[in-house]
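Written below as structure tokens is the structure these notes are about.
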Amino acid sequence: MKDKLFNLFQTTGELSLESIIFNILVSAALGIFIFVSYMITHRGTIYSKKFNASLVVMTVLTGTVMTVIGNNIALSLGMVGALSIVRFRTAIKDSRDTIYIFWTVIAGICCGVGDYLVAAIGSAVTFLILLVLGLIKSDNRMLVIIRGSRSRQSAVQAHMFSVFKRKAILRVRNSDEDTIEFIYEITANQLRRVEEKSGSLTDAIYSIGGIEYVNIVMQNDEVSN
């Protein structure tokens, strides 16, 4: 019985170079599938490209560390203990910072158990994913906030539709007895194209009359509390 338990805990589950590469590349492919799924299903102000890119890298890193564990029970228990030491006492402002923290931990674990090849391949694939996804430029979202007389409600909506068609998404419409406020969501590229074609958006809205103010606010991909 003792010999069986000893053998069970000493099982290494060694993999060939082809198996290691295959495991990590399949993880990358599935991570990209998750990336596309998240991008399609999340729209509006809650979508973060940085977080979405981090999902791909986390898939690769998880595949890397699981390749190291294999079917070695002793190593898997030690891995759980090593990863459990990661604590975030301060707010992480960029989701990519979390990726680099886990990357260093996993690379250290791989090297600590002597799986240098897994560490090298996993790190190389992770670097390439971060490099490629880092080249994707975020089309920053803009909020166009318009406040004016309620009598100009139809005119404001008609103007926004005429210049942006259905691409300007009405997120908020607040009103009281005398005034109304609209918050439209557009992208920086949409705003640029409209102003190149028709001139200043704010001037055009003010020309409607009865407008109290027009604010254009830039958003980014950060998810903060």
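The values are calculated or read from the model by the stated rules, or taken from the named source; none is laboratory data. Every value quoted in this text rests on a predicted model; they were computed, and no experiment measured them. Note: ideal-geometry Cβ built from the backbone for every residue, glycine included; neighbour counts use all protein chains shown.
Here are some residues: Ile129, Ile121, Ile169, Ile216. Which one is within 30 Å of Leu30 (Cα to Cα) and modelled with pLDDT of 85 or more?
Ile121
Counting just the residues of segment 132-143 that are assigned to a strand (DSSP E or B) and surrounded by 18 or more Cβ atoms within 10 Å (Cβ to Cβ), which one comes out modelled with the lowest pLDDT?
Result: Arg141.
Among the residues of segment 46-55, is any farther than 25 Å from Cys110 by Cα, in a helix (DSSP H, G or I), at pLDDT below 70 and assigned by TED's automatic domain parsing to the domain that holds Ile129?
Yes, that holds for at least one residue.
For segment 201-211, what are the residues that are farther than 18 Å from Arg141 by Cα and either among the hydrophobic types (A, V, I, L, M, F, W, C) or loosely packed, with under 12 Cβ neighbours inside 10 Å (or both)?
Scanning segment 201-211 gives Asp203, Ala204, Ile205, Ser207, Ile208, Gly209, Ile211.
If you scan segment 99-118, which residues turn out to be under 20 Å from Leu55 (Cβ atoms) and at pLDDT below 75?
Result: Ile101, Thr104, Val105.
Going through segment 158-177 one residue at a time, which ones are surrounded by 15 or more Cβ atoms within 10 Å (Cβ to Cβ) and either under 14 Å from Gly148 (Cβ atoms) or outside the structural domain of Thr202 (by TED's automatic domain parsing) (or both)?
Selection gives His159, Met160.
Can you tell me which condition Phe6 does not meet? The list is (1) at pLDDT 70 or above; (2) within 28 Å of Tyr116 (Cβ to Cβ); (3) surrounded by fewer than 12 Cβ atoms within 10 Å (Cβ to Cβ), and all the others hold.
Phe6 satisfies every listed condition except (1).
Out of (1) among the polar types (S, T, N, Q); (2) at pLDDT below 80; (3) exposed (fewer than 13 other Cβ atoms within 10 Å of the Cβ), the odd one out for Ser95 is which?
(3)
With among the aliphatic types (A, V, I, L, M), in the same structural domain as Thr64 (by TED's automatic domain parsing), over 28 Å from Ile121 (Cβ atoms) and modelled with pLDDT under 80 as the only criterion, which of Ile34, Ile40 stands out?
Ile40
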